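A.B. asks: Before anything else, here's the structure in question.
The values are calculated or read from the model by the stated rules, or taken from the named source; none is laboratory data. Computed from a predicted structure; not experimentally measured. Cβ sites come from the backbone with ideal geometry, for glycine too, and all protein chains shown count toward neighbours.
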Ligand SMILES: [Zn+2]
């Protein structure tokens, strides 16, 4: 049923189009043409005006035979992480890799190729189906930027699937929310050899704070990290300033708040502890804190219609679909926040965001079978 050759060729074509975040005009125009060719009405939203990208999010709509069934949504993203550039997909023993000095871009082009092949099969075999909406977002890899600026009035679907996670035969129903922490500590500079007592070290303040912090895996649904620290000028100067960047994630909003508060409290406590009396006046390191919510959490119930549909379709073709807990944010977090119940389906891609990224043709065929069956049963 699935045309393996056509699917492979589609993937190769997609992989060869350079598509870094916000510079997606080439892949967008290819996809617009391709989806039109498959019978869709295609348009773009106005997100580019606010994202600064070359193009907006692409919306493709396929009319269904029945007007009564509610539309089904598929979402994929058109951008890939750097280093992209001229990707040369190489096929070894049925598995696509990059030629070595770039990512492969299977994230998310495996998902796009599978979706296109599924739509080809549905058309070729005249499989009756309800209305299908496809959203191809921009700039997913730099913070779900396209999805955050998407014009949600352009879609009607209230249920859907994002094709964008590693592995095979898994679905993600829950993903955490994340807070991004940016902390600047300002102490007081002094000559480290002659008058260190006249300085207050920003680096020491940061170190003190971090050493008191609960980090890593906090519990089964909460994690925290300090990922970046930058500051100081020279070995002989008590450092005046340091910047610390970190994050906290949790599936539970209250735990996210608690962990974030704890991390910030560590900085305040360290500043308190580092406060010095210098020439009769108290000098306390200043802590400036910026907390930004990167993405909201998502949680789709096990008995939600969109989960049941995936399970029924998988069972009908002998696939064993398992639930996996998501660890990151994806476009699905944003779609769910906007009222479209969406789960994430694995696309067969592996080791994404590395030069060893790969996807097996057989796995893409396997996923495409599921997509066709979901469309048939919707
Ligand atoms: Zn992705």
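A.B. asks: From the list 187, 227, 193, 232, which one is surrounded by fewer than 17 Cβ atoms within 10 Å (Cβ to Cβ) and in contact with a helix residue (DSSP H, G or I) (Cβ under 6 Å, 6 or more places away or on another chain)?
C.D. replies: 232
A.B. asks: I need the full set of residues from segment 147-204 which are assigned to a helix (DSSP H, G or I) and within 16 Å of the ligand (Cβ to nearest atom), in order please.
C.D. replies: First, pick out the residues of segment 147-204 that are assigned to a helix (DSSP H, G or I): 147-148, 152-154, 196-198, 202-204.
The answer is 147, 148.
A.B. asks: Here's another thing I want to ask about it. Collect the residues in segment 274-297 that are surrounded by 13 or more Cβ atoms within 10 Å (Cβ to Cβ), modelled with pLDDT of 95 or more and under 28 Å from the mean Cα position of the chain (by Cα), keeping them in residue-number order.
C.D. replies: Passing the criteria: 289, 291.
A.B. asks: Sticking with this one: Please find, among 250, 241, the residue that is within 13 Å of residue 187 (Cβ to Cβ) and touching a residue at least 12 places away in the same chain (Cβ under 8 Å).
C.D. replies: So the residue among 250, 241 that is within 13 Å of residue 187 (Cβ to Cβ) and touching a residue at least 12 places away in the same chain (Cβ under 8 Å) is 241.
A.B. asks: To continue, here is another question. State yes or no: is residue 117 closer than 20 Å to residue 361 by Cβ, away from the ligand (no atom under 16 Å from the Cβ) and surrounded by 24 or more Cβ atoms within 10 Å (Cβ to Cβ)?
C.D. replies: Values: closer than 20 Å to residue 361 by Cβ: yes; away from the ligand (no atom under 16 Å from the Cβ): yes; surrounded by 24 or more Cβ atoms within 10 Å (Cβ to Cβ): yes.
Spelling it out, residue 117 is indeed closer than 20 Å to residue 361 by Cβ, away from the ligand (no atom under 16 Å from the Cβ) and surrounded by 24 or more Cβ atoms within 10 Å (Cβ to Cβ).
A.B. asks: Right, next: Looking at the structure I just gave you, is residue 99 more than 16 Å from the ligand (Cβ to nearest atom), surrounded by fewer than 24 Cβ atoms within 10 Å (Cβ to Cβ) and within 28 Å of residue 86 (Cβ to Cβ)? It would help to see each step written out before you state the result.
C.D. replies: Values: more than 16 Å from the ligand (Cβ to nearest atom): yes; surrounded by fewer than 24 Cβ atoms within 10 Å (Cβ to Cβ): yes; within 28 Å of residue 86 (Cβ to Cβ): yes.
Answer is yes for this residue.
A.B. asks: In the list 140, 82, which residue meets the criterion of being closer than 26 Å to residue 12 by Cβ, within 15 Å of the ligand (Cβ to nearest atom) and out of contact with any helix residue (DSSP H, G or I) (no Cβ under 7 Å at 6 or more places or on another chain)?
C.D. replies: Just one listed residue meets the conditions, 82.
A.B. asks: Still on this structure, please answer the following. Is it true that residue 25 is closer than 26 Å to residue 98 by Cα, surrounded by fewer than 21 Cβ atoms within 10 Å (Cβ to Cβ) and in contact (Cβ under 8 Å) with a residue 24 or more places away in the chain?
C.D. replies: Yes; evaluated as a whole, the condition is true for this residue.
A.B. asks: Here is a follow-up. Can you name the strands (runs of 3 or more DSSP E) wholly within segment 304-378 that have at least 2 residues being touching a residue at least 12 places away in the same chain (Cβ under 8 Å) and in contact with a helix residue (DSSP H, G or I) (Cβ under 6 Å, 6 or more places away or on another chain)?
C.D. replies: Passing ranges, in order: 341-346.
A.B. asks: Out of all the residues in segment 268-291, is one or more in contact (Cβ under 8 Å) with a residue 24 or more places away in the chain and within 16 Å of the ligand (Cβ to nearest atom)?
C.D. replies: So far as segment 268-291 goes, no, none of its residues is in contact (Cβ under 8 Å) with a residue 24 or more places away in the chain and within 16 Å of the ligand (Cβ to nearest atom).
A.B. asks: Now for a separate question. Tally the residues that are modelled with pLDDT of 95 or more and surrounded by fewer than 22 Cβ atoms within 10 Å (Cβ to Cβ), restricting the search to segment 131-144.
C.D. replies: Residues meeting the conditions: 2.
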